[in-house]
1. What pairs come up if the first residue lies in the range 200-228 and is at positive phi, the second is modelled with pLDDT of 85 or more and assigned to a helix (DSSP H, G or I), and their beta carbons are under 8 Å apart, counting only those six or more places apart or on different chains?
2. May I ask you to list the residues in the range 193-213 that are more than 18 Å from residue 129 (Cβ to Cβ) and either at pLDDT below 90 or assigned to a helix (DSSP H, G or I) (or both)?
3. Looking at the structure I just gave you, is residue 187 surrounded by fewer than 16 Cβ atoms within 10 Å (Cβ to Cβ) and touching a helix residue (DSSP H, G or I) at 6+ places or on another chain (Cβ under 7 Å)?
4. Given (1) part of a strand (DSSP E or B); (2) more than 15 Å from the chain's Cα centre (by Cα), where does residue 116 come up short, assuming only one miss?
5. Kindly provide the set of residues from the range 101-112 that are in contact with a strand residue (DSSP E or B) (Cβ under 9 Å, 6 or more places away or on another chain) and either in a strand (DSSP E or B) or surrounded by 22 or more Cβ atoms within 10 Å (Cβ to Cβ) (or both), ordered by number.
6. Please enumerate the residues belonging to the range 132-142 that are without any contact (Cβ under 8 Å) to a residue 12 or more places away in the chain and either under 20 Å from residue 186 (Cβ atoms) or assigned to a loop (DSSP other than H, G, I, E, B) (or both).
């Protein structure tokens, strides 16, 4: 069987988190005794045959453990994915894209999306049903905005990473260098089949300092030995 390969994306500036002013990266912040990138690389390495870590320029020097390739990312998330795609060995047929800022993503979650792609779909994403009431606010400012209506949340899901793709489908979706916050959206736009599989609350994304508290609690009971 051809190999699976993970692209762990760690090139973001983390400005909403408050990182970046001193050149430090958000994903190097410790959570439950290890850096976020360490948690993410470890799970990716167990579930996949190889790992490319896509980093900001300030992170290129490492050192990192459990990583096969280190490459500098692009100016956008999509650009960083394309940088990672350029590192894939020829015999890789399934590519898994994962945000390093989701340190709680388990090996099982990686395996779930990979299995779905092995089963025949073009892409697979973890998803959780939206639980909050959704309001449409057309214009948002520092003091908020006027609500224009309530959105029916039935059938709506929040999507996480890791996301798995057939290699040729993901490469084709990135042809022409399109931009998106989600690689599955590019596959959808190209007419590919994307399957949603059950997500995991532990794969919560760390965007702000408050998120760090949530993820710290989720990971606190896990082994914090080893790491980057």
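1. Once the first residue is at positive phi and sits in the range 200-228, its partners that are modelled with pLDDT of 85 or more and assigned to a helix (DSSP H, G or I) give 226/38; 226/42; 227/38; 227/39; 227/42.
2. Residues satisfying the conditions are 207, 208, 209, 210, 211, 212, 213.
3. So residue 187 fails the test.
4. Here residue 116 clears every test but (1).
5. Once the filter is applied, which keeps residues that are in contact with a strand residue (DSSP E or B) (Cβ under 9 Å, 6 or more places away or on another chain) and either in a strand (DSSP E or B) or surrounded by 22 or more Cβ atoms within 10 Å (Cβ to Cβ) (or both), the range 101-112 yields 101, 103, 104, 105, 109, 110.
6. Residues satisfying the conditions are 137, 138, 139, 140, 142.
The values are calculated or read from the model by the stated rules, or taken from the named source; none is laboratory data. All values reported here derive from a predicted model rather than from experimental measurement. So basically every Cβ, Gly included, is an ideal-geometry build from the backbone, and we count neighbours across all protein chains shown.
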